[in-house]
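Okay, structure first, notes after.
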Amino acid sequence: MQRAQSLARLNGRILNIYSQRTTTALRAALPLRLALPHLEPVLVLNVAKEVRKDTLVILRAHELAAENQPDWSEIQPQLLHATKEIDRMFLARVGSFPVEIVIRYEEITPIRTRRMKLLYDAAQKVFTARNSGLRLRGAVYATFSRDDFARLLDELFRLYAEETRSLSRSVRLPRLLVPLRELIAQELLNVMIRVARPLAAEIATTTFRSATPASPGAPSPAEPSGTTVRPLRN
């Protein structure tokens, strides 16, 4: 369970950095700069919502890692149901802001399902790493190369960006910006995708910076330096 909790914390830090980098990039982009005062509060609450959902997926993957795993077709509806409860809590919090949000499940569910499956599979690989005694960083080293880890993060970021675009299309905007709603949503996606790949590469490089070939019986790397991305700068 310690490894699962560490992975969930690491994932949360990574998503928050992605959200912060995105907001910084949005401040330099028109027409998004005009819409940012209306989008930013929603984006802040949205990242907290997504961290909670990802934590559910990671903990579920850990729970089933050592068992005869049921088919994904059985796990998926359980996780989707749980994420909708988190959505309801998110909508209740957003209700205190001068915005109106409608979650378009017909658009979001296929994207969300792909992202959950990708994260679930990656987490299970980490939890079933060859040496079950490895702490998180050693388990990541045993599971991914630096390039594979960067590709995984990039794909997770891109799916997150697609779901965020759908959410942004429901944000109430000033009358002058309403005709630009679709343009704003598309440009938000474009900015998030532009941020995704270099950030994924940066995180992978930071994570694997001190990776050394593990020898049989060697102690695993210390977790505090391996599960943090604090060297990254926003």
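I'd like the residue in the range 1-21 that is of a type in the set (Gly, Ala, Ser) and over 15 Å from residue 195 (Cα atoms) and, out of all such residues, is surrounded by the fewest Cβ atoms within 10 Å (Cβ to Cβ).
Quick first cut of the range 1-21, residues of a type in the set (Gly, Ala, Ser) only: 4, 6, 8, 12, 19.
Then drop every residue that is not over 15 Å from residue 195 (Cα atoms), which leaves 4, 6, 8, 12.
Working: 4: 20, 6: 20, 8: 20, 12: 18.
Here the residue is 12.
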- Across the range 6-57, what is the total count of residues that are in a loop (DSSP other than H, G, I, E, B) and either in contact with a helix residue (DSSP H, G or I) (Cβ under 7 Å, 6 or more places away or on another chain) or within 24 Å of residue 202 (Cβ to Cβ) (or both)? 4
- Task: For the range 99-157, name all the residues that are in a loop (DSSP other than H, G, I, E, B) and either modelled with pLDDT of 90 or more or touching a strand residue (DSSP E or B) at 6+ places or on another chain (Cβ under 8 Å) (or both).
- Result: 144, 145
- Selection status of residue 232, modelled with pLDDT under 65 and either surrounded by 16 or more Cβ atoms within 10 Å (Cβ to Cβ) or β-branched (Val, Ile, Thr) (or both): yes
- Number of the condition not met by residue 33 [criteria: (1) closer than 28 Å to residue 106 by Cβ; (2) touching a Lys or Arg at 6+ places or on another chain (Cβ under 8 Å)]: (1)
- Extreme residue, modelled with the lowest pLDDT, among residues of the range 22-35 that are surrounded by 20 or more Cβ atoms within 10 Å (Cβ to Cβ) and not small (Gly, Ala, Ser): 32
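The values are calculated or read from the model by the stated rules, or taken from the named source; none is laboratory data. Just so we're clear, the structure is a prediction, and the values are computed from it rather than from any experiment. Note: ideal-geometry Cβ built from the backbone for every residue, glycine included; neighbour counts use all protein chains shown.
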